[in-house]
Amino acid sequence: MSILVTGGAGYIGSHTCVELLNAGYDIIVLDNFYNSNRESLKRIKEITNKDFKFYEADIRDKKALEEIFKNEKIDAVIHFAALKAVGESCVKPLEYYENNVGGTITLCQAMKEAGCKKIVFSSSATVYGMNNHVPFVETMTTGGTTNPYGTTKYFIERILMDIYDSDNDWNITILRYFNPIGAHESGRIGENPNGIPNNLMPYIAQVAVGKLECLSVFGDNYDTPDGTGVRDYIHVVDLAIGHIKAVAKALESSGVNVYNLGTGVGCSVLELVKAFEKASGIKINYKIAPRRDGDIATCYADASKARNELGWIAQRGIDEMCEDTWRFQKNNPNGY
Ligand code: NAD
Ligand code: UD1
């Protein structure tokens, strides 16, 4: 079976490519390198000792997509390509809607024309918004997102569901990721953010390696056990394996399926700092800072649907997530 992976040079995409190749799938990778580079593709080949086709292309470029679908036999698409910086999306909403929503529409048009009707889409726990109570369950009302990035995910989910309603031959699989962290155990691929990281784990890792001075802990007066924000951190390799299970099911059936990919376990900012210190042997300098706008106190998944229907459970704990992040950061202090 042959899978087109959009955004396959990026953080989650590259780890998923490794797992797809290891599972025996043929892959075709598409990326415009907006937030990644060729080196990750080289390293996927090095880790797996397997080759694959790559197209440097943009998901908004209909002609390029038509060409790919004409040249390749594609059974399903795993669609990672998107812009993902929450703060930037507030400054550049049009770019986010054009790239994420517009790009997905163009991709789906090209898929429809080529008769490829199976798509696994990267959504986010952010679609649960500010008003639901943990643990988040797939049946909860979505929306109420607090930034354009989150709203693109909400809109795309709705668009994909409408596509299914119009044509029941499609398989639409929506994966709502919680907080992906960690790296491949080889230390060869990992998260490689541009500029100063917005997310907690890459920030901690860059403090550890000496690139940043001090972590600001955004709020210590939340209604959580230690007052700091609680999230459901999930190892990126577990997340990647979730895609393998999801695409296998999608290849066999049609329908709309939504799955949370999380561990179901919450971890606070200070707990993650402690775990990282243990994994790296380095003291993380931090200070308490005001809350960050748009943050909720606690976010974790009810992961039982993915367990029951996909037979998927996250296997790797916080210590392994920190050890693997540290190995990648230490070996690649300046990224790829
Ligand atoms: P990433 O930025 O590392 O990867 C995205 C890839 O898509 C990059 O390689 C980028 O160059 C490419 N891309 C972007 N726009 C493109 C376009 N128009 N045409 C072709 N390629 C394009 O991000 P990631 O962390 O790997 O995230 C992958 C997906 O998962 C995204 O859709 C993201 O919104 C979603 N997601 C990520 C997280 C997270 O914490 N990392 C959480 C929830 C959801
Ligand atoms: C963020 C995004 C969310 C996106 C998710 C995964 C925001 C508001 N939300 O979620 O839309 O789906 O990433 O990409 O950006 N923290 C600090 N100091 C830091 C950074 C973070 O204390 O320097 C805290 C946060 O307040 C939060 C926790 O660490 O409690 C996790 O933050 P982060 O890694 O940014 O993820 P989310 O906020 O969960």
message: Assuming 0.36 nm per residue, please report the length gained on full extension of the stretch R291 to K330 beyond their Cα-Cα distance.
response: 11.1 nm
- prompt: Of the residues F80, F121, F33, which exhibits the maximal mean-square fluctuation in a Gaussian network model of the chain defined by a 10 Å Cα contact cut-off?
  reply: F33
query: Relative to the first principal axis of the alpha-carbon coordinates of the chain, what is the inclination of helix 236-252, with its axis defined by its Cα atoms, in degrees from 0 to 90 and to the nearest 10?
result: 20
query: Rounded if a/c is under 1.5, else prolate if a/b beats b/c, else oblate: with a ≥ b ≥ c from the C-alpha gyration tensor eigenvalues square-rooted, which is segment 105-256?
result: prolate
field: Computed over segment 12-168: relative contact order in percent, which uses C-alpha pairs under 8 Å that are six or more apart
entry: 21
- prompt: Roughly how many nanometres apart are two label points built 7 Å out from the Cα toward the Cβ at H133 and E252?
  reply: 3.6
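For S216 and S166 in the same chain, what is the full-extension length gain: residue separation times 0.36 nm, less their Cα-Cα distance, in nm?
13.2 nm
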query: How far is helix 11-22 tilted off the main Cα axis of the chain, in degrees rounded to 10, range 0 to 90?
result: 60
task: Given a cut-off of 24 Å, name the pairs among K245/K274; K112/K153; K84/K112; K153/K287; K153/K249 whose C-alpha atoms lie farther apart than that in the structure shown.
output: K245/K274; K84/K112; K153/K287
task: Give, rounded to the nearest 20 debye, the magnitude of the charge dipole that segment 1-103 has about its Cα centre when Lys and Arg contribute +1 at Cβ and Asp and Glu contribute -1 at Cβ.
output: 100
query: Given a cut-off of under 8 Å on Cα pairs at least six residues apart, what relative contact order in percent is computed for the chain?
result: 19
task: Taking the Cβ of each residue in K84, K63, K305 as the centre, tally the other Cβ atoms inside 10 Å and list the residues starting with the fewest.
output: K63, K305, K84
field: the chain: mean projected area of Cα convex hull, nm²
entry: 15.4
- request: Quick one: angle between helix 38-48 and the longest Cα principal axis of the chain, in degrees between 0 and 90, rounded to 10, please.
  value: 90
- prompt: With springs only between Cα atoms under 10 Å, which of S122, S89, S166 fluctuates most in a Gaussian network model of the chain?
  reply: S166
field: Fewest-first sequence of Y11, Y336 by Cβ atoms within 10 Å of each Cβ
entry: Y336, Y11
task: Let me know the charge dipole size of segment 142-267 about its Cα centre in debye, to the nearest 20, where only the beta-carbon of Lys, Arg (+1) and Asp, Glu (-1) is charged.
output: 240
task: Would you mind ranking H235, H133 so that the residue whose beta carbon has the fewest other beta carbons within 10 Å leads the list?
output: H133, H235
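We did not get these values from a lab; they are worked out from the coordinates using the rules stated. No experiment lies behind these values; they were computed from the predicted model shown. Note that we place each Cβ from the backbone using ideal geometry, even for glycine, and neighbour counts take in every protein chain shown.
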